[in-house]
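The values are calculated or read from the model by the stated rules, or taken from the named source; none is laboratory data. Bear in mind the structure is a predicted one, so any value in this text is a computation, not a measurement. Glycine also receives a Cβ, built like all others from the backbone with ideal geometry; neighbour counts cover every protein chain displayed. Keep in mind that these areas ignore ligands, DNA and RNA; they rest on the heavy atoms of the full protein, side chains included. Shrake-Rupley method; radii C 1.70, N 1.55, O 1.52, S 1.80 Å.
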Amino acid sequence: MPFNLLKYGLSSEYPVDVDLPAPKELKPAYDVVIIGGGGHGLATAYYLSRYHGINNIAVLEKSYLGGGNTARNTAVIRSNYLTSEGVKFYAESVKMFQGLSNEFDFNIMYSERGQLTLAHTDATVRAFRQRAEVNKHFGGRTEMIDRQQIRELVPTLNLDPGHLPVLAGLWHLDGATARHDAVAWGYAKQAAKRGVEIHQLTEVQELVIENGTISAVKTNRGTVRCGCVVQAVAGMSSQMMKKAGIRSPIQTFPLQAMVTQPFKPFLDPLVSSSALHCYVQQTGRGEVVFGGGSDPYPLFNTRSTLDLKESLLAHAIEMFPFLANAKLMRQWAGITDMTPDYSPIMGLSPVKNYYLDAGWGTWGFKSTPICGKTMAELVASGGKVPDLIKPFGLERFSTFAQVNEMGATAASH
Ligand SMILES: Cc1cc2nc3c(=O)[nH]c(=O)nc-3n(C[C@H](O)[C@H](O)[C@H](O)COP(=O)(O)OP(=O)(O)OC[C@H]3O[C@@H](n4cnc5c(N)ncnc54)[C@H](O)[C@@H]3O)c2cc1C
């Protein structure tokens, strides 16, 4: 290492790692057009190009890479869901996240810290026991812990906040975080290296559907013909589905988060409480991140509100009273596409060759690798839905086969 440093230091010429090639003109046609340059769209492009030999792909992003929810989320990665379908799916994603830095040769700052969810009522304790058992059944590291164990794990946590004393906790050792921009950039760099074209500032405005089959997309830079399209636009999912003439069960709500000045390390695990509608975590830089539930009304807007700040911080301070003196540095919001059962929508659509990656609500960052991988398999096979994502098809809303994750999503994301 010191030798290499010296070599590069003394050399006037050394290879400069170019992140993304300079933007080009759009080609008239691509085999695959991916709408949305967030983590999901970029991951799908990467797995298609790396593992299926499909490289004639354009990722069209109306803004900048990862500038949607990917760069706005609080980076919680976990698999302690409630349903067997959910646990199996997210557990695969956690495994993939663990190897992502190696796969990219680029540090995504994966940090396994465990996630603690607090139970304040007997009903929650019972629900958590069920989650722990389902998780263990599918190989997840999740168990119930008591007040004493919680105290040892998080000494700074107030176990008797106001009217809601903590009774027990769901301790999920696989809980982790990763640097969200790095995930987007890792996928983008590796996809671009394999010939995928990534076009920023390129908005898909209309979809051309002929005889029930997608044939082209119209953008602010012209029309592009395509063999198939993957829609991965998160908060804009319902709007894009409308352009495709697809009825959607999605409603869109803003979701806010905020962060304080840095502190010395005091909190290793991610801590959340659905009864207090709040989760708290400390970043590697020492800042404390707070998040909670979505705003209570549907809206396509990324403004921050004083209402949310007041209610969220009141609860956060109940959990960690010493934070009452902290200085808040930033507050922000994203727009999230919520489904009625709090599970995503992945797979086929009523339009031929038009594939859906939607309904990621407040929980989609953690699924980025597995969603990209399975969506790539779906596209490469010409529409054969991989078993892992079969339960998440759009048709479940008309066949009464919903995958209800409401209890395991709430304020934990
Ligand atoms: C505050 C907050 C906290 C969150 N915390 C967590 C968390 O801790 N853990 C977790 O797992 N999830 C979390 N989420 C949810 C998570 O961020 C999203 O589910 C996930 O990022 C979705 O990824 P994506 O790639 O599908 O979407 P995005 O990153 O939003 O990418 C979609 C892209 O599509 C582009 N686009 C939209 N319309 C068009 C168009 N017409 N043409 C071209 N491009 C278009 C957008 O500009 C955007 O860049 C959180 C979200 C928010 C807002």
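The table that follows gives values for the structure above.
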{"quantity": "For region 40-182, the spread of Cα positions along each principal axis, largest first, Å", "calculated": "57, 30, 26"}
{"quantity": "Cβ charges +1 (Lys, Arg) and -1 (Asp, Glu), total dipole of region 140-180, debye", "calculated": "140 debye"}
{"quantity": "Solvent-accessible area of Y8 with every protein chain in place, 1.4 Å probe, in Å² to the nearest 10", "calculated": "100 Å²"}
{"quantity": "Contour excess over end-to-end distance, with Cα ends at S84 and K264 and 0.36 nm allotted per residue", "calculated": "60.9 nm"}
{"quantity": "Between helix 368-380 and the chain: long-axis angle, C-alpha atoms, 0 to 90°, nearest 10", "calculated": "30 degrees"}
{"quantity": "Residue-normalised accessible area of region 6-115, expressed per residue, 1.4 Å probe, Å²", "calculated": "46 Å²"}
{"quantity": "Candidate lysines - alpha carbon under 30 Å from K327, same-chain residues fewer than 8 apart omitted", "calculated": "K264, K309, K366"}
{"quantity": "Gyration tensor (alpha-carbon) shape descriptor, region 154-229, a/c threshold 1.5", "calculated": "prolate"}
{"quantity": "Surface accessible to a 1.4 Å probe, per residue, for the residues of region 217-372, Å²", "calculated": "38 Å²"}
{"quantity": "Rg ratio (alpha-carbon, reference 2.2 N^0.38 Å) - the chain", "calculated": "1.00"}
{"quantity": "By accessible area with a 1.4 Å probe, ligands and nucleic acids excluded, highest first: order of M329, M240", "calculated": "M329, M240"}
{"quantity": "Which of W332, W363 is most accessible, then next, and so on - probe 1.4 Å", "calculated": "W332, W363"}
{"quantity": "Packing rank of 318-327, 92-101, where each peptide gets the mean count of other beta carbons within 10 Å, highest leading", "calculated": "92-101, 318-327"}
{"quantity": "Value of relative contact order over the chain, rounded to a whole percent, pairs C-alpha under 8 Å and six or more apart", "calculated": "23 percent"}
{"quantity": "Selection from T339, I317, A123 lying farthest towards where the dipole of the chain points positive, charges on Cβ", "calculated": "T339"}
{"quantity": "Cα centroid of region 160-188 to Cα centroid of region 334-370, whole Å", "calculated": "21 Å"}
{"quantity": "Probe 1.4 Å - accessible area at H137, Å² to nearest ten", "calculated": "140 Å²"}
{"quantity": "Inter-centroid distance (Cα atoms) of region 108-149 relative to region 193-251, Å", "calculated": "39 Å"}
{"quantity": "For region 1-158, with +1 on Lys and Arg beta carbons and -1 on Asp and Glu, the positive-most of L60, Y90, T44 along the dipole", "calculated": "Y90"}
{"quantity": "Protein accessible area in region 250-327, 1.4 Å probe - carbon and sulfur %", "calculated": "58 percent"}
{"quantity": "Per-residue SASA entry for S272, accessible area with 1.4 Å probe, Å² rounded to 10", "calculated": "0 Å²"}
{"quantity": "Theoretical ellipticity at 222 nm over the chain - DSSP helices of four or more residues, -39500 (n - 2.57) apiece, nearest 500", "calculated": "-8500 deg cm²/dmol"}
{"quantity": "Förster radius 35 Å - calculated FRET efficiency between L6 and A380 (Cβ-Cβ, nearest 0.05)", "calculated": "0.15"}
{"quantity": "Ranked packing of 211-217, 197-203, most packed first, by mean Cβ within 10 Å", "calculated": "197-203, 211-217"}
{"quantity": "Simple Cβ-charge dipole of the chain, Lys/Arg +1 and Asp/Glu -1, about Cα centre, in debye nearest 20", "calculated": "420 debye"}
